[in-house]
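Enquirer: Questions regarding the structure given below will be posed in turn.
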Amino acid sequence: MNEGVSSKEESKSIDLTRITLRETDLSDVEDHMVWSSDAKVTEFCTWGPYTSKEEAIDFINGIPNIFSWYRAICLDNQAIGSVSVCLQRDRYREKVAEVGYILASEYWGKGIVTHVLKQVVKIVFSMYPQVERLEALTDNENLASQRVLEKAGFQREGVLRNYVYVKGKSRDVAIYSFLPTDLHSEFASLKL
């Protein structure tokens, strides 16, 4: 603990320079289980909490088949969450990518995902020059995730009613987007 800083104060803030992104591998299984087995974290996910390491292993092994780009969100190189990008394959949406993220609950409210999304936006538009739209979908009741997207410069476009059927219930989804032109207008004032 830092001298002169109480443990309560320290738990509220994290030096965001300690946050990095790196490829995920099987050495991350234990860390992955921290968030993927947490009912609070998975409440708004399309899947429920993992109950075994085998589920995490299967997921990590399947990453290349599911995502165009996937990175562990790390604090001092320890995975505390992840961020992913999927390029859309539909011929009418081939210039669209979707971003997703998840973070262990003990790190919520510290600006980590906002910080990461600001980096990911720049990465996506430089790695995939064909992408003209980066979008994010979040459960309409997940207000914290919506705040994260707005702080990262995403624009709310509306609500897709009964858009997904998850865990036995039709759910409304809020849709957000970030366009390359947003990098120059809004993003110029945001600091990484």
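Enquirer: Does any residue in the range 58-74 that is in contact (Cβ under 8 Å) with a residue 24 or more places away in the chain come within less than 6 Å, Cβ to Cβ, of a residue that is of a type in the set (F, W, Y) six or more places away or on a different chain, and which pairs are these?
Expert: Every condition considered, the pairs that remain are I63/Y70.
Enquirer: Does the range 123-179 hold any residues that are open to solvent by 20 Å² or more (accessible area, probe 1.4 Å), outside any strand (DSSP E or B) and touching a Ser or Thr at 6+ places or on another chain (Cβ under 7 Å), and which are they?
Expert: Matches in the range 123-179: V148, K151.
Enquirer: Right, next: Contact list please: Cβ distance under 7 Å, first residue in the range 140-167 and among the basic types (K, R), second residue open to solvent by 50 Å² or more (accessible area, probe 1.4 Å), pairs at least six apart or on different chains.
Expert: The qualifying pairs are R156/E150; R161/D172.
Enquirer: When you scan the range 77-87, do you find a residue that is under 23 Å from V120 (Cβ atoms) and open to solvent by 60 Å² or more (accessible area, probe 1.4 Å), even just one?
Expert: For the range 77-87, residues under 23 Å from V120 (Cβ atoms) and open to solvent by 60 Å² or more (accessible area, probe 1.4 Å): present.
Enquirer: Of the numbered conditions (1) modelled with pLDDT of 95 or more; (2) open to solvent by 80 Å² or more (accessible area, probe 1.4 Å), T46 fails exactly one; give the number of that condition.
Expert: Of the numbered conditions (1) modelled with pLDDT of 95 or more; (2) open to solvent by 80 Å² or more (accessible area, probe 1.4 Å), the odd one out for T46 is (1).
Enquirer: Okay, next question. Under 9 Å by Cβ, and 6 or more places apart or on different chains, what pairs join a residue from the range 21-41 that is assigned to a helix (DSSP H, G or I) with one that is loosely packed, with under 11 Cβ neighbours inside 10 Å?
Expert: The qualifying pairs are M33/S52.
Enquirer: What are the residues in the range 121-139 that are β-branched (V, I, T) and either touching a residue at least 60 places away in the same chain (Cβ under 8 Å) or more than 21 Å from A79 (Cβ to Cβ) (or both), if any? Give the steps one after another, and end with the answer.
Expert: From the range 121-139, those β-branched (V, I, T) are 121, 123-124, 131, 138; that's our starting set.
V121, V131, T138 - these are the residues of the range 121-139 that are β-branched (V, I, T) and either touching a residue at least 60 places away in the same chain (Cβ under 8 Å) or more than 21 Å from A79 (Cβ to Cβ) (or both).
Enquirer: Just for the range 23-34: of the residues that are among the charged types (D, E, K, R) and open to solvent by less than 50 Å² (accessible area, probe 1.4 Å), which one is nearest to I63 (Cα to Cα)? Even if it seems obvious, please write down each step before you answer.
Expert: So in the range 23-34, the residues among the charged types (D, E, K, R) come out as 23, 25, 28, 30-31.
Of the ones still in play, those that are also open to solvent by less than 50 Å² (accessible area, probe 1.4 Å) are 28, 31.
Working: D28: 13, D31: 16 Å.
Among them, the one singled out is D28.
Enquirer: Of (1) modelled with pLDDT under 95; (2) closer than 19 Å to R93 by Cα; (3) of a type outside the set (F, W, Y), E157 satisfies all except one. Which?
Expert: Just one mismatch for E157, condition (1).
Enquirer: Cβ-Cβ distance below 8 Å, separation of 6 or more or different chains: which pairs start in the range 94-105 with a residue that is on the phi < 0 side of the Ramachandran plot and end on one that is among the hydroxyl-bearing types (S, T, Y)?
Expert: A97/S68; A97/Y128; V99/S84; G100/S84; Y101/S82; Y101/S84; I102/S36; I102/S82
The values are calculated or read from the model by the stated rules, or taken from the named source; none is laboratory data. In this text, all values refer to a predicted model and were calculated from it rather than measured experimentally. Every residue, glycine among them, receives a Cβ derived from its backbone with ideal geometry; neighbour counts consider all protein chains shown. Ligands, DNA and RNA are stripped out before the accessible areas are found, and what is left, the full protein with its side chains, is counted by its heavy atoms. Shrake-Rupley method; radii C 1.70, N 1.55, O 1.52, S 1.80 Å.
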